[in-house]
Amino acid sequence: MPSFATHCTFLATLLLLPSVPILAQAVAPPATPPAEPADPLDAGEDRIVVTANRDRGGVVGDVAPELQLDARDVRALGVSNLAELLAELAPQTRSGAGRGNGGPVVLLNGRRISGFSEIRDLPPEAIERVDVLPEEVALRYGYRADQRVVNFVLRRRFGALAAELEAGLATDGGRPAGEAEASLTRIRRDNRLTLSGDYERQGALLESERSIPLAAGEARDERPFRTLLPAAEALSLGATLARPLGSASAALSARYDADDRRARLGLLDDAPLTPELIDALGPLRRETASRTGRLGLSLNGDAGDWRWSVTGAGERATVRTETDRGLDEAGTAFFADRGRSARTSATADATASGPVLRLPAGPLRASLRLGGELLRFDARSVRATGRTDTDLSRDRAAAQFNLELPLTDSKDGPLPALGRLSLNLNGEVERLSDFGTLRSRGYGLNWTPFRALRLLLTVTDEKGAPTVQQLGDPVLRTPGVRVFDLSRSETALVERTDGGNSLLRADSRRALKLGATFRPSVERDLTFSVDYNQSRVRDVIAGFPAATPEIERAFPERFARDAAGVLRSVDARPVNFARADRRELRTGVNFSKRLGPAPPARGPRGAAGGA
């Protein structure tokens, strides 16, 4: 079988053939030197020179954004930070070509960042422009082609000190909420400082505060002792410092998040509880405490026509859970199941992209990425039946390449009547210490037959391993969970089992995407888009679905019923399905128009966003 290099050489030869006569003519000396054209300035004529520049902070390549928002559009959304802004843009940034509904790839000023936590607390007033681009652009930055790209472009100068207080109360009772946040932001070109703090508190929502009917077989009313939503308390602190570093730029970020939740799980089922004992003990409870600390570093620079970046991050996340199970031997207190998990990770990636050689239709561009990750996960669960310890590790090394081969160009090169056409080839090799070698490959065509229309085709074949958490999360059993039993058309109170499944297998996925974007006029901000996505996944890794009769017949060991047929327990740990086929057609229209006259032009300081 011909090698990949042979294919590239063959394609390059085909592209160069139309230019052979031109090259031969250029080598042969002309018989008569051509007369130099007269300078219009010498003839007294006026001349206008127009120079087109790439948008400041734009991404690598010539792919136009599918959606572009300016500062006025961002302010109109009424959000407080970039995390809320990204949530508002979720319908436009979701990719039908990805695994599930994961978020997009996020860039800052056309550069990679160490993680979204580096910029999530920036105020929207600091944004000059937001570009939403197709999945193809992700390849140029060392990501897979299954996520759209959102590029935030900052103002050159900006300063703000902001504080915000929020309070909420449900009209039907329960769930009072309050939030306080403050942030300090300073931007001076490549110098950036962000400090932020956020505290949020939410009360519990009880079943008795809503019209929740009694479950099947429920002998006593425990709705005042069960929560629909737990009480929650969260604290988040973040800091980012960015500075020029010679000809490059560097950004260091740190973040700490704490989250505590308290839920009521009802009363004991198998103990005679007197009103006095209920008052003394209260309902069964589950308390969960999560703590996460993260450090990130990103370096970005240029080397000639090549753009490079190095990113790294370290993270430590712990989760502790206590679930009341019953009375102790003295009958005066609860004993509890306890679970603890800790995840420690360190990642590093180096990417470079730029032109390799000049072809008749344009430059052949390449993107390369080398990356690795060290991951350690340990979990411990202590129940009445004994103790279970889990200690997992995963070391990952990956290499990825992406080639963009221009075939035709609407102005220069071969076959200009076809417009602009380019071929994309990409591949990745990923070595996991616990799952072996996984390979991914793909190709795509990007065609712009004329200025207003852009067509895109991408095909991807890849394998994916389950996460360490899907394999080794501690097993948790929660009593009193409401589940609608479709087999009996009734609501049942069950004991739900969650956690990891060590028997999960890797999946294999083939995805096809066809996309079209049409913008009839440059003067009008009107865009039509159509996307068709088709995927087939074998050995699908998924959470356990709803308790339908078909699912119960397929996984009978995951369900338990009593003698009367009432559902009593469900094991909801993740599973592998044999196959999943998906087809999706998405259409969209984006239109914006300024209402009223344009705001007056401001001076350099005002236009830049303040002193």
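Read-outs throughout are calculated quantities, based only on the coordinates presented, and are distinct from any laboratory measurement. The shown structure was predicted, so the numbers you read here are calculated from the model rather than taken from an experiment. Every residue, glycine as well, gets a Cβ built from its backbone with ideal geometry; the counts of neighbours run over all protein chains shown.
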Rounded if a/c is under 1.5, else prolate if a/b is larger than b/c, else oblate: which is region 165-270, with a ≥ b ≥ c the root eigenvalues of its Cα gyration tensor? prolate
Under a cut-off of 20 Å between alpha-carbon atoms, report the aspartates and glutamates in cross-link reach of residue 411, not counting same-chain residues fewer than 8 places apart. 62
30 Å Cα-Cα reach of residue 463 towards lysines, excluding residues that sit fewer than 8 places from it in its own chain: 513
To the nearest whole percent, what portion of all C-alpha pairs in region 538-577 is separated by more than 15 angstrom? 41
Which trypsin sites (Lys or Arg not before Pro) in region 373-451 sit in a loop by DSSP (not H, G, I, E or B) and have at most 14 other Cβ atoms within 10 Å of their own Cβ? 411, 451
Cα point-scatterer Debye curve for region 411-466, base-10 log of I(q)/I(0) at q = 0.30 Å⁻¹: -1.13
Quotient of Cα Rg and 2.2 N^0.38 Å for region 511-594, N being how many residues it contains: 1.87
Projected area averaged over all directions for the convex hull of the alpha carbon atoms of region 466-574, nm², comes out at 11.2
Chymotrypsin sites (Phe, Trp or Tyr not before Pro) within region 490-540, DSSP loop, no more than 12 other Cβ atoms inside 10 Å: none
From Cα pairs below 8 angstrom and at least 6 apart in sequence, can you work out the relative contact order of region 351-462, rounded to a whole percent? 19
From the P(r) of region 320-437, could you give the percentage of C-alpha pairs in the tail past 18 Å? 71
I'd like the distance separating the alpha-carbon centroids of region 505-573 and region 437-456, in whole Å. 25
